[in-house]
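Engineer: Once you've had a glance at the structure underneath, I'll fire off some questions.
The values are calculated or read from the model by the stated rules, or taken from the named source; none is laboratory data. Every value quoted in this text rests on a predicted model; they were computed, and no experiment measured them. Ideal geometry is used to build each Cβ from the backbone, glycine not excepted, and the neighbour counts take in all protein chains shown. For the accessible areas, the whole protein counts, side chains as well, though only heavy atoms, and no ligand, DNA or RNA atoms are used. Shrake-Rupley method; radii C 1.70, N 1.55, O 1.52, S 1.80 Å.
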Amino acid sequence: YKFMYLMLLVSAGLIGLSLGLLGAGGSILTVPALTLFLGLDEKSAITSSMIIIGMIAAVGSIRAYRNGALDKRIITSFGIVSLPFAALGARLGIWMPPGSQTVLLVAIMAVVALKMLADKPPVPGKSPSSWALLSAAATVGLITGVVGVGGGFLIVPALVIFAGANMQSAVSNSLLLIVINSATAFASIALSEQSPELNWLIILTMTGVGAASVLAGQSISSRLDQHKLKRGFSILIVVVAIWLLANLFY
């Protein structure tokens, strides 16, 4: 139990730091941490992840709001479109066979890791396509609902390329959009008859540690080498993905 509790605290710290530094990444570690270290089943881990990430991101978005970094136009257009798809994804996830959500999560982790290793910053489009932005919002909402991943890695590039936002603005707005998607997906599951049992001690502990870490990450983000940070985090994602697959099949 001591090892499990230690891993719980370490995982929560990493999740919060990632959200604070990159505006993304924390949620992709939450489900693996809950399943591998704490022994939660797939459905419970995904549902718990939505609450944990939503509350941690909310703390970061409050700071972004106070700093005047939120864009109402982006939040409104992107958020409204992603809402129904997050709810739909959550309902689809409930009916997916055991193990399938984990396999999908591993596939997403692989894509994210390759994207981070490539380290090519998104380039703002000259004439952003409204259709492309709406499609990106729908995709992010759907993925959030199905596998419990907040979608920051998809939101940040989408806002830069399709909404014409700069990186700093995209990272700040990403946090609030993660809150919106996570809350919608969780509400959809909570209102269903197949809502899994939740361990609120785990959820609140991870949220508390993660919230402190996200503030720390936001404070030190400008002092760190983003290139090295992304490469290191991508390697960590690959290791966790392999571990997840091994745990699922063996």
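Engineer: Please report, ordered by residue number, every helix of the chain (full DSSP H runs) that is 27 Å or longer along its axis going by C-alpha atoms and whose mean Kyte-Doolittle hydropathy reaches 1.0.
Structural biologist: On the way: long enough: 2-22 (30 Å, 1.88); 42-66 (36 Å, 0.79); 72-95 (35 Å, 1.07); 100-118 (28 Å, 2.03); 167-190 (34 Å, 1.32); 200-220 (30 Å, 1.52); 226-249 (35 Å, 1.24).
Helices meeting the criterion: 2-22, 72-95, 100-118, 167-190, 200-220, 226-249.
Engineer: How big is segment 12-106 by the Kirkwood estimate over distinct Cα pairs, in Å?
Structural biologist: On the way: mean 1/r = 0.0677 Å⁻¹.
About 14.8 Å, per the Kirkwood formula over Cα pairs.
Engineer: What whole-number volume per residue, in cubic angstrom, does the convex hull of the C-alpha atoms of segment 1-60 give? List each step's numbers first, then the result.
Structural biologist: Values: hull volume 3.9 nm³, N = 60.
It is 65 Å³ per residue.
Engineer: Another one. On average, how much accessible surface per residue is there in the chain, in Å², for a 1.4 Å probe, leaving out ligands, DNA and RNA?
Structural biologist: On the way: 11840 Å² over 250 residues.
Per residue, the chain has an accessible area of 47 Å².
Engineer: Non-local amide H neighbours of residue 164 (under 5 Å, H modeled in plane, Pro and chain starts lacking H): which ones?
Structural biologist: 125
Engineer: About its Cα centre, what dipole magnitude does the chain give when the only charges are +1 on Lys and Arg Cβ and -1 on Asp and Glu Cβ, stated in debye to the nearest 20?
Structural biologist: 680
Engineer: Choose one answer from 68, 217, 164: the residue with the largest mean-square fluctuation in a GNM of the chain with alpha-carbon springs under 10 Å.
Structural biologist: Top of the fluctuation ranking is 68.
Engineer: Apply the Kirkwood formula to the chain: the hydrodynamic radius equals the inverse of the mean of 1/r over all pairs of different alpha-carbon atoms; give it in Å with one decimal.
Structural biologist: Working: mean 1/r = 0.0565 Å⁻¹.
Roughly 17.7 Å, rounded to one decimal.
Engineer: With springs connecting C-alpha atoms under 10 Å apart, model the chain as a Gaussian network and identify which of 186, 233, 78 has the largest mean-square fluctuation.
Structural biologist: With Cα springs under 10 Å in the chain, the top fluctuation among 186, 233, 78 is at 233.
Engineer: What whole-number distance in Å separates the alpha-carbon centres of segment 172-189 and segment 34-92?
Structural biologist: Each part's Cα centre sits 3 Å from the other's.
Engineer: May I ask you to give the percent of accessible area on segment 1-112 that is carbon plus sulfur, with a probe radius of 1.4 Å? Don't jump to the answer; show the numbers that get you there.
Structural biologist: Working: 3480 of 4790 Å².
On segment 1-112, the fraction of accessible area on carbon and sulfur atoms equals 73 percent.
Engineer: Could you list the residues of segment 1-15 with an amide nitrogen less than 13 Å from a label point located 7 Å from the Cα of residue 235 in the Cα-to-C-beta direction?
Structural biologist: Output list for this probe position: empty.
Engineer: Once the Cβ-Cβ distance between residue 225 and residue 204 is put in as r, and R0 is 45 Å, what FRET efficiency do you end up with, to the nearest 0.05? Mind showing how you got there, number by number?
Structural biologist: On the way: r = 34 Å, r/R0 = 0.75.
Efficiency at R0 = 45 Å is approximately 0.85.
Engineer: Still on this structure, please answer the following. Report the residue, chosen from 109, 50, 96, that carries the largest GNM mean-square fluctuation when the chain is represented by alpha-carbon nodes joined by springs under 10 Å.
Structural biologist: The residue that fluctuates most here is 96.
Engineer: Here is a further query. Convert 37 °C to kelvin, take the viscosity as 0.692 mPa s, use the Kirkwood radius over C-alpha pairs of segment 140-250 as Rh, and evaluate the Stokes-Einstein diffusion coefficient in µm²/s, rounded to a whole number. Each step should come with its number before you reach the end.
Structural biologist: Numbers: Rh = 16.5 Å.
Result for D is 199 µm²/s.
Engineer: On the accessible surface of segment 169-210, probed at 1.4 Å, how many percent belong to carbon and sulfur atoms? Show your work: numbers first, answer last.
Structural biologist: Numbers: 1160 of 1770 Å².
Its accessible area is 65 percent carbon and sulfur atoms.
Engineer: How long is the gain from residue 130 to residue 246 if the chain were fully straight, where each residue apart is worth 0.36 nm and the alpha carbon distance is subtracted? Write out the running numbers ahead of the final one.
Structural biologist: Details: separation 116, 0.36 × 116 = 41.76 nm, distance 4.09 nm.
Working it through step by step, the gained length comes to 37.7 nm.
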